[in-house]
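Have a look at the structure below before the remarks.
The values are calculated or read from the model by the stated rules, or taken from the named source; none is laboratory data. What you are looking at is a predicted structure, and each value in this text was computed from that prediction instead of being measured. Backbone-built Cβ (ideal geometry, glycine too); neighbour counts: all protein chains shown. Accessible surface areas use protein heavy atoms only, side chains included; no ligands, DNA or RNA. Shrake-Rupley method; radii C 1.70, N 1.55, O 1.52, S 1.80 Å.
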Amino acid sequence: MQRYNPGEIEPKWQQYWDAHNSYHVIETADKPKLYVSGMFPYPSGSGLHSGHAFSYTIVDAIARFYRAHGHNVLNPMGWDTFGLPAENFAIKTGTAPAEVTKDNIANFKNQFKRLGISIDWDREINTTDPEYYRWTQWIFAQFFKRGLAYQKEAQQWWCPVDKTVLANEQVENGKCWRCGNEVEKKAMKQWFFKITEYADALLNEIPDLDWPEKIKTAQTNWIGRSEGMAIKFQLNGLGADKEHLEVFTTAHDTIYGVTFMVVAPEHPIVERYGQFADNQADIELYVEKAARKSELDREIEKKKTGVPIEGLFAINPINGNKIPVWVADYVLLSYGTGAIMAVPGEDERDFEFAQKYDIPIVFTTEQQEFVDYSHIKADRKSYRLANSDTFNGMDFETGRQKIMESIKETDAGDMIVQYKMRDWLISRQRYWGAPIPIIHCEKDGAVAVPDDQLPVVLPEVKDYAPKGDGQSVLATVEDWVNTTCPECGGPAKRETDTMDGYACSSWYLLRYADPKNDQQAWDPAKANYWSPVDYYVGGDHAVAHLLYVRFWAHVFNDMGLLSHKEPVKKLVYHGYINAEDGRKMSKSLGNVIDPLDIVDQGYGADTLRTYVMFMGPIELDSSWSSKGVAGVYRFLNRVWTLSQEYQSAEKADELDSDNQLRRLTHKTIKKVTGDYRNLSFNTAIAAMMELVNELYKLKVNGFSSEWQNSLRALAQLIGPVAPHLASELWQQHGGENEVDSAEWPAWDETLVLDDTVTIVVQVNGKVRAKLSLPAGTDEKTATETALADENVRKFTANQKPAKVVYVPGRLVNIVV
RNA sequence: GCCGCGAUGGCGGAAUUGGUAGACGCGCGGGACUCAAAAUCCCGUUCCAGUAAUGGAGUGUGAGUUCGAUUCUCACUCGCGGCACCA
């Protein structure tokens, strides 16, 4: 008898699938479509890690399961290849990023094949391929024409020593990652996508998404919609009397409690009027310090600091009170108007600040002590207004409405909606990204590169290191930068910033539908056939990527390029695999498990795949267990061995145990099918293990021809998780074609139902006996049998039951 | 701090609408095969008492609803994840 040898059967089937292009699909009306994809990988130099193996096994199991159910399954693969690691490697070694990337892709592709992932390789895409980013650029140009891409000044991290812009991840503890000097914020002109215009549209669709609740709430909070009032306060002193200071507040009902105003250090009025203040030097010093503070410092330094702009006041529109204006970095320029009305009686931050700087505190609730506004907001009816003139004594529900009307009457403010979400900063001063397809002309300003001049190909350079002028290396390629304006034909310069990598990944799921189209980004008919993605599998990017793909799809829908707004129907968000010691896998800890090592050790891809699916529910984090891997290998071995024994055994025509065999098999088919459908892979595998254990017990009676049906069904059932073994066994048992193009086994409901059932007998809710009764036993018989049971009688003491609860087919509960 | 999720044997986990808690796997104990070991196969395995039948306790803690709660409600403790001075 041949031993189970994955090292032999796995390459055999991988070559077969390759040679037959088994997983290539085209649009067809004959079958229901099913589009499943993992989040495409960044092909790093170290190859697939265990997280990849997990993610793409989930994808593949779904793909194979539905393929076996007659669906037209699209399971594509592509490479998210722009980004920092390749660029840094290039800076260090001088190797072109494209070269490094090419090798890494080849390695990844090979490894995916060795895991038996059923991919349609004809649809392979690569974001750094000019034929791909040509359309990324085209989309940018479309966004630009629609006013969804624009330029504005924004704060960027700037290293004054290296004279370069830094990305967030290049700032470590407020210091430049390369030279170690302190970085500062600097205002520079940047490109943005106007995602805020779609804030409401994106928010409105969230409740209907079949996505994990935690991702939905993360996105809801990220968008952060809040309704409040924009209120203008007249300025006074330092020559500012003609100006207003506008604030945003959700607590306008506390406006009588405003005892000071706070503006962000970057707020324009600071520079405009601070110079006339007596404490001008202090203000300047404070602003400068705030600019240098990294986000981390701000976090550590929880204590609030600030300086007043001496001599500058604001007039409270509701009562004419003259209020001092302060500068403090706990107010952010980027939210609301960059200025607040401070209400220390009801806001914790303002309270802390007022105490520290001895600013008066006015309580506007009848409690006359500090009450955080979140409490008031939670139950407005229970709090009453105080120190609020004619509004005193009103509950906050009424007072809020009346004060709002009163403020509106004075023309000082109105209700508005604010979002926490900011526009998406898309420009990067880096080499290894898709060039922004814009030409700057002195006469015509920023002009989109015409469609027929796309792609704007990334020029080759010798040195990839930034030159220190705050621009990307592209700025040094003069004959690339200098061009002609498409509008006027005059001399013009190319934009030298490249796009954030997230741009490339915001539309790749649509490109898979039509990956080789050189006339358009995709044919809408093809995209509308495949999209939305039915299952999108990943364990990362709760907001960023998963919000951007939604944003772009909404825009594409508006452009008429897509028939629907939401690109992902069901999001499968899986957990992390930790190391055996329970900690995160990391090279420095030396606890990394390389999935290909597991394959090479002789376990094979099927064991690896089945193991990662058996570890637990996919949405939970788990820890690697080498003992667990061995256990799964044992299981696959048992499946194999059973099949070999059957094939070489003498088969009886029929056995007494055949009916039992049939019942077991049909029950398992039903259970496993349901579990796969719910993505409950661990219990599906457990059910198959249970069947195999039972089959081992049954085989002592010998084999009959009935076994053929069971073993074939078993081969099909393990197919989604262990496709090589399944294919091999399927072939051995005379199955035609490939296992996942065979019809999925059906079950007979009458065989699934047991003819005898175990009825639990409880007395006062405690189990006292178990009865084996024919299915469908009526209540009267069941109760009588239960009452007659010896052990039950011990506990009922022959008393007449006060009540009997009967659950058909399950239990009798006798209450005495 | 806010939001979301979770807590079940020695361990990972199971229990589809409230109805036998601990499926399946690991580990552990015992047995078969073997000169022996590995591999394989079989049996047992929540804890306590008992040879056993059986009894008692038991799903983070405390209460509640119910004939019956791992499941529902309230309060709390701990852990994980996301966001974080968002006015």
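Checking each residue in the range A:1-30 for being surrounded by 14 or more Cβ atoms within 10 Å (Cβ to Cβ) and in a loop (DSSP other than H, G, I, E, B) picks out A:Y4, A:S22, A:Y23, A:V25, A:E27. What are the residues in the range A:638-660 that are open to solvent by 40 Å² or more (accessible area, probe 1.4 Å), within 16 Å of RNA strand B (Cβ to nearest atom) and either among the basic types (K, R) or more than 30 Å from A:D755 (Cβ to Cβ) (or both), if any? Those that are open to solvent by 40 Å² or more (accessible area, probe 1.4 Å), within 16 Å of RNA strand B (Cβ to nearest atom) and either among the basic types (K, R) or more than 30 Å from A:D755 (Cβ to Cβ) (or both): A:R638, A:S648. The listed residues are A:Q731, A:Q799, and the only one of them that is open to solvent by 40 Å² or more (accessible area, probe 1.4 Å), without any contact (Cβ under 8 Å) to a residue 12 or more places away in the chain and either more than 12 Å from RNA strand B (Cβ to nearest atom) or part of a loop (DSSP other than H, G, I, E, B) (or both) turns out to be A:Q731. Residues in the range A:31-42 that are touching a strand residue (DSSP E or B) at 6+ places or on another chain (Cβ under 6 Å), among the aromatic types (F, W, Y) and not in a strand (DSSP E or B): how many? Count: 1. Here A:T668 fulfils each of the conditions (1) modelled with pLDDT of 95 or more; (2) away from RNA strand B (no atom under 11 Å from the Cβ) apart from (2). Looking only at the range A:321-337, decide whether some residue is more than 13 Å from RNA strand B (Cβ to nearest atom) and outside any strand (DSSP E or B). Yes, the conditions are met somewhere in the range A:321-337. In the range A:376-386, of all residues being open to solvent by 40 Å² or more (accessible area, probe 1.4 Å) and in a helix (DSSP H, G or I), the one that is farthest from RNA strand B (Cβ to nearest atom) corresponds to A:K381.
Of everything listed in (1) farther than 25 Å from A:Y132 by Cβ; (2) open to solvent by 30 Å² or more (accessible area, probe 1.4 Å); (3) touching a strand residue (DSSP E or B) at 6+ places or on another chain (Cβ under 9 Å), the single unmet condition for A:D463 is (3). Selection within the range A:678-688: residues that are within 9 Å of RNA strand B (Cβ to nearest atom) and not β-branched (V, I, T). The member of this set that is surrounded by the fewest Cβ atoms within 10 Å (Cβ to Cβ) is A:N678.
Evaluate the following for A:G257: is it within 16 Å of RNA strand B (Cβ to nearest atom) and either within 25 Å of A:P360 (Cβ to Cβ) or open to solvent by less than 10 Å² (accessible area, probe 1.4 Å) (or both)? Considered against the rule, which asks whether it is within 16 Å of RNA strand B (Cβ to nearest atom) and either within 25 Å of A:P360 (Cβ to Cβ) or open to solvent by less than 10 Å² (accessible area, probe 1.4 Å) (or both), A:G257 comes out as yes.
Contact map, the range A:665-694: first residue closer than 18 Å to A:D754 by Cβ, second residue β-branched (V, I, T) and open to solvent by less than 10 Å² (accessible area, probe 1.4 Å), Cβ cut-off under 6 Å, separation 6 or more or different chains; pairs are A:A687/A:V672. Scanning the range A:586-604 for residues being open to solvent by 40 Å² or more (accessible area, probe 1.4 Å), of a type in the set (A, V, I, L, M) and modelled with pLDDT of 85 or more gives a total of 1. Within the range A:626-637, restricting attention to residues that are more than 7 Å from RNA strand B (Cβ to nearest atom) and free of Cβ contacts under 8 Å to residues at least 40 places away in the same chain, which residue is least open to solvent (accessible area, probe 1.4 Å)? Once the filter is applied, the top-ranked residue is A:V629. Each residue in the range A:345-375 was checked for being away from RNA strand B (no atom under 11 Å from the Cβ) and in contact (Cβ under 8 Å) with a residue 60 or more places away in the chain, and 8 of them qualify. Scanning the range A:806-816 for residues that are surrounded by 13 or more Cβ atoms within 10 Å (Cβ to Cβ) and in a strand (DSSP E or B) turns up A:Y806, A:L811, A:V812, A:N813, A:I814, A:V815. Could you tell me whether the range A:482-493 includes any residue that is modelled with pLDDT of 95 or more, open to solvent by 20 Å² or more (accessible area, probe 1.4 Å) and under 34 Å from the mean Cα position of the chain (by Cα)? No, the range A:482-493 contains no residue that is modelled with pLDDT of 95 or more, open to solvent by 20 Å² or more (accessible area, probe 1.4 Å) and under 34 Å from the mean Cα position of the chain (by Cα). Looking only at the range A:734-775, residues that are within 16 Å of RNA strand B (Cβ to nearest atom), open to solvent by 60 Å² or more (accessible area, probe 1.4 Å) and either within 30 Å of A:Q647 (Cα to Cα) or in a loop (DSSP other than H, G, I, E, B) (or both) come to 6 in all. Only one entry in A:T673, A:T607 is under 35 Å from the mean Cα position of the chain (by Cα) and crowded, with 22+ Cβ neighbours inside 10 Å, namely A:T607. In the range A:592-625, what residues are more than 9 Å from RNA strand B (Cβ to nearest atom), more than 14 Å from A:G51 (Cα to Cα) and either aromatic (F, W, Y) or assigned to a loop (DSSP other than H, G, I, E, B) (or both)? Within the range A:592-625, A:Y603 is the sole residue that qualifies.
Would you check if there is a residue in the range A:439-455 being open to solvent by less than 20 Å² (accessible area, probe 1.4 Å) and free of Cβ contacts under 8 Å to residues at least 24 places away in the same chain? For the range A:439-455, residues open to solvent by less than 20 Å² (accessible area, probe 1.4 Å) and free of Cβ contacts under 8 Å to residues at least 24 places away in the same chain: absent. Taking strands (runs of 3 or more DSSP E) as the structural unit, those lying wholly within the range A:182-293 and holding at least 2 residues that are under 26 Å from A:E352 (Cβ atoms) and within 30 Å of the chain's Cα centre (by Cα) correspond to A:225-236. Any residue at all in the range A:365-374 that's at positive phi and open to solvent by 70 Å² or more (accessible area, probe 1.4 Å)? Yes.
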